[in-house]
Amino acid sequence: MELMQEKIIVSAGNPAGIHFIQSLLSREIPFAVLISRKNEQEEMNSIGVPLCVEVDLISKDSWIIPEFNVGRVFLFEDSLPLCCRYIQICRSWTGSPIYVISQRGKPRLIYRGLGADHVIHSHSDDLSFLL
């Protein structure tokens, strides 16, 4: 039986997230983008993202584990509530590290309480060193 390769999960809530996705594409690292709205899929397809995982933020029954092995998760903070929900969803999918990348000034201890392993504060758009 062939082992399935893990894919990185990314939510691209800000320009740093888009830059990170472009780094994944250029390095040919397998990944999927987490989305919650249909128009996000069109945006991701326009920059060459091969796979999007759409989730319903309200219904926990829709948080079905994707049909691939979920590896590390990189959540680029767009808003506190959205990032919190994404952490809850992704933590139910994987035991691998979850990284939250925030451009806000204060640490968000709530992210760690919900299951994020690392909260990184950065104003840089280039976070490819995390790969």
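Taking max minus min of the alpha-carbon positions on each principal axis, the stretch 20-96 gives extents of 33, 27, 23 Å, largest first.
Sorting the segments 57-65, 96-104 by their mean number of nearby beta carbons within 10 angstrom, highest to lowest, gives 96-104, 57-65. Is the C-alpha gyration tensor of the stretch 3-65 telling us rounded, prolate or oblate? Criteria: a/c under 1.5 is rounded; beyond that, a/b larger than b/c is prolate, otherwise oblate. Oblate, since a/c reaches 1.5 and b/c is not below a/b.
Close amide H partners of residue 52, meaning residues 5 or more places away or on another chain with modelled amide H under 5 Å apart, are 33. Shape analysis of the chain places it in the rounded category; the axes a ≥ b ≥ c from the Cα gyration tensor give an a/c below 1.5. Along the axis of the charge dipole computed for the chain (Cβ charges of +1 for Lys and Arg, -1 for Asp and Glu, origin at the Cα centre), the listed residues 47, 9, 110 are led at the positive end by 110.
How many nm separate the modelled label positions at residue 28 and residue 68, each set 7 Å beyond the Cα in the direction of the Cβ? Result: 1.5 nm between the two label points. Backbone geometry of the stretch 70-78 corresponds, through the Karplus equation with coefficients 6.51, -1.76 and 1.60 at θ = phi - 60°, to 3J(HN,Hα) couplings of 8, x, 5, 10, 10, 10, 8, 4, 10 Hz, x marking Gly and Pro. Probing with 1.4 Å while keeping every protein chain in the model, the per residue accessible area of the stretch 1-74 equals 59 Å². Above 16 Å, the calculated P(r) of the stretch 67-117 contains 31 percent of its Cα-Cα pairs.
The values are calculated or read from the model by the stated rules, or taken from the named source; none is laboratory data. Just so we're clear, the structure is a prediction, and the values are computed from it rather than from any experiment. Don't worry about glycine lacking a Cβ; one is built from the backbone with ideal geometry, like all the others, and counts go over all protein chains shown. Accessible surface areas use protein heavy atoms only, side chains included; no ligands, DNA or RNA. Shrake-Rupley method; radii C 1.70, N 1.55, O 1.52, S 1.80 Å.
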